[in-house]
Amino acid sequence: MTSSDFPGWHGTTIIGVKKGGEVVIAGDGQVSLGQTVIKGTARKVRRLNPGGYDVVAGFAGSTADAFTLLERLESKLEATPGQLARASVELAKDWRTDKYLQKLEAMLIVSDGADMLVITGAGDVLEPEHDVTAIGSGGNYALAAARGMMDTDKDAEAVARDAMQIAADICVYTNGNLTVEKISK
């Protein structure tokens, strides 16, 4: 079986919402292989605590690749305590230039409660506009839904949960089994 014959892993929606002094990152639990749901309760949002510095990260893409990137991010955070943006840029540089890391297929949303960033394998470290961002197969659905709710009285967690429910109703690669992590500065 060649890599082009392999149906590929799908099934992730991760959203980050910054509102009212807190950041919420939420992710669904579905992992699919082709048209088959392999697992419905995966945890794609994690809390990292390198050296007592609290960071929340959500990932879309290959799980093994994402875990590799999360380990690298933790080591970058240990080397630059309290500097999420700097650690993220260092990770993105390594990801883009290291021959091994270049093959990794994942994206990350990270936050320390003050900053929220999207990190990609193309070397991007992006601070989202409108204080909301989303990645993964249902990311655009969740992003549109959350942006529509940002001017309401809902707090960050309610916006994230409602946006994820809308994405799960639309995207066949997204389910309603959520992992939600909240962080504030």
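Each reported figure results from applying straightforward, stated rules to the coordinates on display, with no laboratory input. Note that the structure is a prediction, hence the values are computed from the model and not measured. Quick reminder, even Gly has a Cβ in these numbers, built from the backbone with ideal geometry, and neighbours come from all protein chains shown.
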Additional length obtainable on full extension of the chain from Ala114 to Glu127, 0.36 nm per residue less Cα span: 3.6 nm
Gyration tensor (alpha-carbon) shape descriptor, the chain, a/c threshold 1.5: oblate
Contact order normalised by residue count of the stretch 9-172, Cα under 8 Å, 6+ apart, percent: 27
Extension reserve of the Gln35-Lys93 stretch, reckoned as 0.36 nm per residue once the Cα distance is removed: 17.4 nm
The stretch 9-172, dipole about Cα centre (Lys/Arg Cβ +1, Asp/Glu Cβ -1), debye to the nearest 20: 480
Helical mean residue ellipticity (222 nm; -39500 (n - 2.57) per DSSP H run of 4+; nearest 500) of the chain: -10000 deg cm²/dmol
